[in-house]
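Working notes, structure below.
We did not get these values from a lab; they are worked out from the coordinates using the rules stated. Predicted model, so just to flag it, every value in this text is computed and none were measured. Because the Cβ atoms are built from the backbone with ideal geometry, glycine has one as well, and the counts that use them run over all protein chains shown.
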Amino acid sequence: MKVRRVEECRLIDLPKISSESGNLTFIESGRHLPFEYRRVYHIYDIPGGAIRGAHAHKECHSFLIAISGSFDVTLNDGHSTATFHLNRSYYGLYICPGIWRSLDNFSSGAVCLAFASDLYDEQDYWRDYDQYLTAIGLGKA
Ligand code: TYD
């Protein structure tokens, strides 16, 4: 399995069409993101103090946008960690496969819009951090 690093993940600015009557942002699959997306979902009505994510994907690429409100995304590859604060709907965070992610610090009314390269498949998840570390070759001896 290819070793992935947090440094491969990055913020991506999206097109923003502004007018006196408001702003418009769009995403074309394969053009604005480094993958073709096959699934879109959103997370909403998030109670204060909640933590989402806490998993890594084996093959699926992701892109997260704070479509409303704000939240933090912390990425970890077993070596290094980076936290991104998302609070605008005209940019988002690209997460390559093989990276552990946790979402927290959700504001009131926060909505996370997510794009995924694959259809939902529970087999594509690592949900246990120790199993994840073992799978990427960093397990305890
Ligand atoms: P999960 O990916 O763990 O959500 P989060 O990362 O936001 O904490 O998914 C939560 C539940 O929803 C889990 O039972 C799987 C299910 N689910 C689907 O059925 N389809 C989907 O596209 C997603 C993302 C989750």
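Things to note:
- Between Ser29, Ser89, Ser18, the Gaussian network model of the chain with springs among Cα atoms under 10 angstrom shows the greatest mean-square fluctuation at Ser18.
- Simple spin-label estimate for Asn87 and Thr134 in nanometres, 7 Å along Cα-Cβ: 4.1 nm
- Karplus 3J(HN,Hα) series, Hz, for the stretch 30-39 with 6.51 cos²θ - 1.76 cosθ + 1.60 (x for Gly, Pro): x, 9, 9, 10, x, 7, 7, 9, 10, 8
- Shown is the FRET efficiency for Asp124 and Arg52, computed with R0 = 22 Å from the Cβ-Cβ distance and rounded to the nearest 0.05: 0.85.
- Phi-based couplings in Hz for the stretch 8-21 (Karplus 6.51, -1.76, 1.60; Gly and Pro marked x): 6, 8, 7, 6, 10, 6, 10, x, 9, 9, 9, 8, 4, 9
- Shape category assigned to the chain from the gyration tensor of Cα positions, a/c cut at 1.5: prolate
- Total formal charge among the other residues, if their Cβ is under 11 angstrom from that of Pro34, Lys/Arg +1 and Asp/Glu -1: 0
- Among Ile27, Ile65, Ile17, the largest mean-square fluctuation in a Gaussian network model of the chain (Cα springs under 10 Å) belongs to Ile17.
- Long-range HN-HN contacts of His55 with modeled amide H, under 5 Å: Arg101
- Residues listed by number, the stretch 41-74, amide nitrogen under 15 Å from Met1 label point at 7 Å toward C-beta: 55-61
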